[in-house]
1. At pLDDT 90 or above and over 30 Å from Arg46 (Cβ atoms) - does that describe any residue in segment 71-81?
2. Considering only segment 19-52, state which residues are farther than 18 Å from Tyr66 by Cβ, touching a Phe, Trp or Tyr at 6+ places or on another chain (Cβ under 7 Å) and open to solvent by 30 Å² or more (accessible area, probe 1.4 Å).
3. Does Ile64 satisfy the condition of being in contact with a helix residue (DSSP H, G or I) (Cβ under 8 Å, 6 or more places away or on another chain) and open to solvent by less than 100 Å² (accessible area, probe 1.4 Å)?
4. Hey, can you tell me all the residues within segment 5-28 that are small (Gly, Ala, Ser) and assigned to a loop (DSSP other than H, G, I, E, B)?
5. Select, from Gln93, Gln99, the only residue that is open to solvent by less than 90 Å² (accessible area, probe 1.4 Å) and more than 27 Å from Ser14 (Cα to Cα).
6. Taking segment 29-42, which residues are among the aliphatic types (A, V, I, L, M) and either outside any loop (DSSP other than H, G, I, E, B) or under 13 Å from Ile60 (Cβ atoms) (or both)?
7. For segment 1-18, enumerate the residues that are closer than 11 Å to Val50 by Cβ and either hydrophobic (A, V, I, L, M, F, W, C) or open to solvent by 40 Å² or more (accessible area, probe 1.4 Å) (or both).
Amino acid sequence: MKIAEVSKKYEVSSDTLRYYERVGLLHRVPRNASGVRDYGEADCARIEFVKCMRNAGVPIEALIEYLQLYEQGDETAPQRKALLIEQRDLIQQRIDAMQEGLNRLNAKIDSYETVMMDAERGMRQRESGNAD
């Protein structure tokens, strides 16, 4: 498959695919006689994996480390698992921080609405008191 086809299929820009190859997330993609990249099934499977991990929030550096360990074979499974656990924990910390921020905003909104309603009630009372 040519780079344009892969780009369209996986919704990843051609520049990103070339970058992934340059930093080692993809193996050097074979080229046809014309020098055009020719992605095979293994390349596409790797792209799917990288895209999935990136969508999960795993940074490029961690993915590079993970795939380097993967290339070394099954004996690195414990290190790969530890790396995934570490990434999960970092993502959980970000989620917790975002949830805390959301909770603060919700409290401010709830407080704001209460304060505004009290102020409007007071204004109405003053207006009806002035009308008498």
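The values are calculated or read from the model by the stated rules, or taken from the named source; none is laboratory data. All figures in this text were calculated on a predicted structure; none of them were measured in a lab. Virtual Cβ from ideal backbone geometry, glycine too; neighbours counted across all protein chains shown. Only protein heavy atoms, including side chains, enter the accessible area calculation; ligands, DNA and RNA are left aside. Shrake-Rupley method; radii C 1.70, N 1.55, O 1.52, S 1.80 Å.
1. Among the residues of segment 71-81, not one is at pLDDT 90 or above and over 30 Å from Arg46 (Cβ atoms), which makes the answer no.
2. none
3. For Ile64, the condition - in contact with a helix residue (DSSP H, G or I) (Cβ under 8 Å, 6 or more places away or on another chain) and open to solvent by less than 100 Å² (accessible area, probe 1.4 Å) - is met.
4. Correct list: Ser13, Gly24.
5. One residue alone meets the criteria, Gln99.
6. Ala42
7. Residues satisfying the conditions are Val12, Thr16, Leu17.
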